[in-house]
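Below is one structure, written out as structure tokens; the observations come after it.
The values are calculated or read from the model by the stated rules, or taken from the named source; none is laboratory data. Treat the numbers as computed from the prediction; the structure is a model and nothing was measured. No Cβ is skipped: glycine too gets one built from the backbone with ideal geometry, and neighbour counts run over all protein chains shown. Remember, those area values only see protein heavy atoms, side chains included, never the ligands or the DNA or RNA. Shrake-Rupley method; radii C 1.70, N 1.55, O 1.52, S 1.80 Å.
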Amino acid sequence: MKEWNSVKITTLVDNDIWKRGLASSWGLSLYVKIYTEEERHTILMDTSGSFDPLFKNASKLEVNLSDVEAVFISHWHGDHCGSLSHVLPLLRHFTPVYVPSENSSGIRKIREAGGTPRVCSGPVEFMEGVMSTGEIGGWTSEHSLVVNVKNKGLVILTGCAHPGIVSTIKRAQQVSGISKVYAVIGGFHISSLHEGINVAKFLDEIGVKLVSPCHCTGVNAKIAIANVMEEKYIENGSGQVFSIDYKL
Ligand SMILES: [Zn+2]
Ligand SMILES: [Zn+2]
């Protein structure tokens, strides 16, 4: 798998606000830029549920949505794909939209808005060094975005992690063939202290260096993860920026 020199993730929309002056909204949207010396690409992971906060936050953060070359939709819940029909018209015609599973109305909406739906039923490296875990089944099927960063390892971005955050991470390791996980950012879909401790123990065991649960992660679970992971835990919210670079 190709290694990227750096990845910069900007939280455009989350349930919480990290940077004053920005909007929050129940949902998630992450703006992902990946770099080598010669190359750069931009991916939008989830669009949140309402376009208004997404658009306002993007302009306040001076994030250019029209740079987005590919959209990655973690799962078909409205708080992750609800703004697609507003976002796609801002992008190049036929922009690929990676989705976890077939969904006739969702796929029709993507086509109508000018995008090209691509169903990731299995794992796929859709850009060099950037993978979808492929659909992970269960009550709600979902896939996660995986970027391979030089000297660091995998950066795993989750929407809600409905199939379970631990199984999502294990799947990312398995499909990439890379066991080193540097960062896990996104919704963890757990709420209790007990669940938080169990997840944090796993993250600690596999040597994760940066964890930032947000969106559907409950407060008690966050506290538990922060207690175990200490300085490796980073608070998230609209406006937070993570810069992961191979030299730092
Ligand atoms: Zn959600
Ligand atoms: Zn969900």
Completion exercise
Residues in region 62-90 that are of a type outside the set (Phe, Trp, Tyr), within 16 Å of ligand 2 (Cβ to nearest atom) and open to solvent by less than 10 Å² (accessible area, probe 1.4 Å) total 5
Practice task
Scan region 1-30 for residues that are open to solvent by 10 Å² or more (accessible area, probe 1.4 Å) and in contact with a His (Cβ under 9 Å, 6 or more places away or on another chain) and report the count.
Solution key: 3
Problem - Conditions (1) surrounded by fewer than 24 Cβ atoms within 10 Å (Cβ to Cβ); (2) of a type in the set (Ser, Thr, Tyr); (3) on the phi > 0 side of the Ramachandran plot: number failed by Ser59 - result: (3)
Fill in the blank from the handout: Checked region 214-244 for anything touching a Phe, Trp or Tyr at 6+ places or on another chain (Cβ under 7 Å) and not hydrophobic (A, V, I, L, M, F, W, C); matches are Thr217, Glu235, Asn236, Gly237, Ser238, Gly239, Gln240
Completion exercise
When restricted to Val219, Val149, the only residue open to solvent by 40 Å² or more (accessible area, probe 1.4 Å) and either touching a residue at least 24 places away in the same chain (Cβ under 8 Å) or aliphatic (A, V, I, L, M) (or both) is Val219
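Here is a yes/no grid of residues against (1) of a type in the set (A, V, I, L, M); (2) within 20 Å of Thr217 (Cα to Cα):
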residue	(1), (2)
Leu28	yes, yes
Tyr31	no, yes
Glu39	no, no
Met45	yes, yes
Ser48	no, yes
Phe55	no, no
Ser59	no, no
Asp67	no, no
Phe72	no, no
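Name the one entry in Ser192, Ser179, Ser167 that is modelled with pLDDT of 95 or more and open to solvent by 70 Å² or more (accessible area, probe 1.4 Å). Break it down into steps so the answer makes sense when it comes.
Working: Ser192 fails: open to solvent by 70 Å² or more (accessible area, probe 1.4 Å); Ser167 fails: open to solvent by 70 Å² or more (accessible area, probe 1.4 Å).
After ruling out the rest, the residue left standing is Ser179.
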Exercise for the section: Just need a number here: residues in region 33-48 that are crowded, with 21+ Cβ neighbours inside 10 Å, on the phi < 0 side of the Ramachandran plot and in a loop (DSSP other than H, G, I, E, B). Expected result: 1
Problem - Selected residue (only one of Thr95, Thr47 is β-branched (Val, Ile, Thr) and within 16 Å of ligand 2 (Cβ to nearest atom)) - result: Thr47
